[in-house]
Amino acid sequence: MKRKSVRIYSFTGTGSRLALNLAEKLKQEGYVCTGYTVARFAEDKRLQRLNDGWKQEIGASWGEHALVFIGAAGIAIRAIAPFVKDKFTDPPVIVLDEKGTFAIPLLSGHVGGGVTLAKVLAEYTGGRAVITTATDVQKKFAADVFAMENGLVITDREEAKKISAGILEKKNTGIFSEFPLLGDVPEELTICGSEEQLEGCCGKIVICERNPRNKKSGVLYLLPRNLYVGMGCKKGTKKEILDAIHGQMIISFFVPFLHPIPTYRFLEAELMKTLEKHGFLPEQIRALGSIDLKREEAGLLELADSLGVEFLTYSAESLQEISAVSSSSEFVRGVTGVDNVCERAAKKMCPDGVMVQEKVCLNQCTAAFVCGEVMVKFRKEEEER
């Protein structure tokens, strides 16, 4: 989901003027924003014209953009109804009246950031965000919001729902973290010094760097998105081959130019062994990176897009600034200008991170990845309230 991408739909003259105003403000905040309206209000071309298939277009790009409707809630509901799936994959959907008096998040209020976006829009219009989610109304800790704000991967959606439901029912909930917990601890939570201490709690949350091999039943495990992946591949490598990395974690990937590219199945099998060995999930990838030579490489761009992460590239000179690598290749240096693309790219993205896997040879491939620092923080009480 492209959380910073917003599409605004309006249907009246007043609504269209509000759409233009909101689009400009959102763009100033770094959002990619596109406004749409009916033909008679799109004549100056500042808003795009709604065509006959606009609802189908919403479905075709479902999950890629936050959707804001200015008008009756019924219009929004009928437009999105065929495409609604679940809170973890649906995009944020917000409805505003044409005066901007009320901003109402309809979908993905927590995970998708709908509540936050509704509050932003209400602040722009001088209106009020109408929040209906139970944990917000009751001013209670919500596991999905906490995970989103801290960049944590929810490993079990049902457990996350149970945690929030239990808190609303005033059941005791414990939390254990391998990382320091900063900020004011919500009164609904009990900090535990180990996973074993959670046994006396009805709700159990564990924040850990790696996906446990033997997960305990009834425990919500949250994992940080702190893996930085540097990558390289032979020119023209197809996304289908690179997808082997998607089950992966790999993280710095280089295919020697003198050898044929391994098949998808072989790559997948080799890389999955590496991932399983380290206990990481693909969702923990924070960013992909490579050398500038690969900036327009379709396979890498498509892979980054499918993972929903940034694809960063660096010049050979910039990669050379990384002072130490575990091994060097003169052949690679002759082709790319640097002796080790994978480790240098991973470290360039996260200079203070820890190299968890140095360059590893997977037959005709190599891989390496870096884990970045993790900070887990509770919101300040006044922000929650």
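The values are calculated or read from the model by the stated rules, or taken from the named source; none is laboratory data. Everything quoted here is computed from the prediction, not taken from an experiment. Note that we place each Cβ from the backbone using ideal geometry, even for glycine, and neighbour counts take in every protein chain shown.
Checked against (1) touching a Phe, Trp or Tyr at 6+ places or on another chain (Cβ under 7 Å); (2) loosely packed, with under 15 Cβ neighbours inside 10 Å; (3) closer than 21 Å to TYR124 by Cβ, GLU24 passes all but condition (1).
Only one entry in LEU303, LEU288, LEU319 is in the same structural domain as VAL354 (by TED's automatic domain parsing), buried (at least 21 other Cβ atoms within 10 Å of the Cβ) and either among the hydroxyl-bearing types (Ser, Thr, Tyr) or at pLDDT 90 or above (or both), namely LEU319. Comparison of VAL68, VAL32 shows that the only residue that is assigned by TED's automatic domain parsing to the domain that holds VAL95 and under 18 Å from ALA122 (Cβ atoms) is VAL68.
State whether one or more residues within segment 246-260 are more than 25 Å from GLY174 (Cα to Cα), aromatic (Phe, Trp, Tyr) and at pLDDT 85 or above. Scanning segment 246-260, I find no residue that is more than 25 Å from GLY174 (Cα to Cα), aromatic (Phe, Trp, Tyr) and at pLDDT 85 or above, so the answer is no. Just to be sure before I move on: is ILE154 under 20 Å from the mean Cα position of the chain (by Cα), crowded, with 17+ Cβ neighbours inside 10 Å and not hydroxyl-bearing (Ser, Thr, Tyr) in the structure I sent? Yes, satisfied.
Among the candidates GLY308, GLY337, which residue alone is under 24 Å from the mean Cα position of the chain (by Cα) and either modelled with pLDDT of 85 or more or not basic (Lys, Arg) (or both)? Sole residue among the options that is under 24 Å from the mean Cα position of the chain (by Cα) and either modelled with pLDDT of 85 or more or not basic (Lys, Arg) (or both): GLY308.
Checking ALA122, ALA142, ALA134 one by one, the residue that is in contact (Cβ under 8 Å) with a residue 12 or more places away in the chain, in contact with a helix residue (DSSP H, G or I) (Cβ under 9 Å, 6 or more places away or on another chain) and crowded, with 17+ Cβ neighbours inside 10 Å is ALA142 and no other. For segment 116-144, the candidate set comprises residues that are farther than 30 Å from ARG17 by Cα and of a type outside the set (A, V, I, L, M); within that set, the residue that is modelled with the highest pLDDT is PHE141. Looking only at residues that are part of a strand (DSSP E or B) and polar (S, T, N, Q) in segment 307-360, which one is nearest to LEU288 (Cα to Cα)? Of everything passing the filter in segment 307-360, THR313 is nearest to LEU288 (Cα to Cα). Scanning segment 294-334 for residues that are basic (Lys, Arg) and touching a Cys at 6+ places or on another chain (Cβ under 8 Å) turns up just one, LYS294. One residue alone among GLY112, GLY100 is outside any strand (DSSP E or B), buried (at least 21 other Cβ atoms within 10 Å of the Cβ) and touching a residue at least 60 places away in the same chain (Cβ under 8 Å), and that residue is GLY112.
Residues in segment 84-94 that are under 14 Å from ALA66 (Cα atoms) and surrounded by fewer than 24 Cβ atoms within 10 Å (Cβ to Cβ): VAL84, LYS87, PHE88, THR89, ASP90. Of all the listed residues (GLY337, GLY289), the sole one being touching a helix residue (DSSP H, G or I) at 6+ places or on another chain (Cβ under 7 Å), on the phi > 0 side of the Ramachandran plot and not polar (S, T, N, Q) is GLY337. GLU296 passes every criterion in (1) in a helix (DSSP H, G or I); (2) surrounded by fewer than 17 Cβ atoms within 10 Å (Cβ to Cβ); (3) modelled with pLDDT of 75 or more apart from (1).
Screening ILE70 with (1) exposed (fewer than 15 other Cβ atoms within 10 Å of the Cβ); (2) modelled with pLDDT of 95 or more gives one miss only, at (1). Within segment 24-41, the set of residues being touching a residue at least 12 places away in the same chain (Cβ under 8 Å) and either part of a loop (DSSP other than H, G, I, E, B) or of a type in the set (Gly, Ala, Ser) (or both) comprises GLU29, GLY30, TYR31, GLY35, VAL38.
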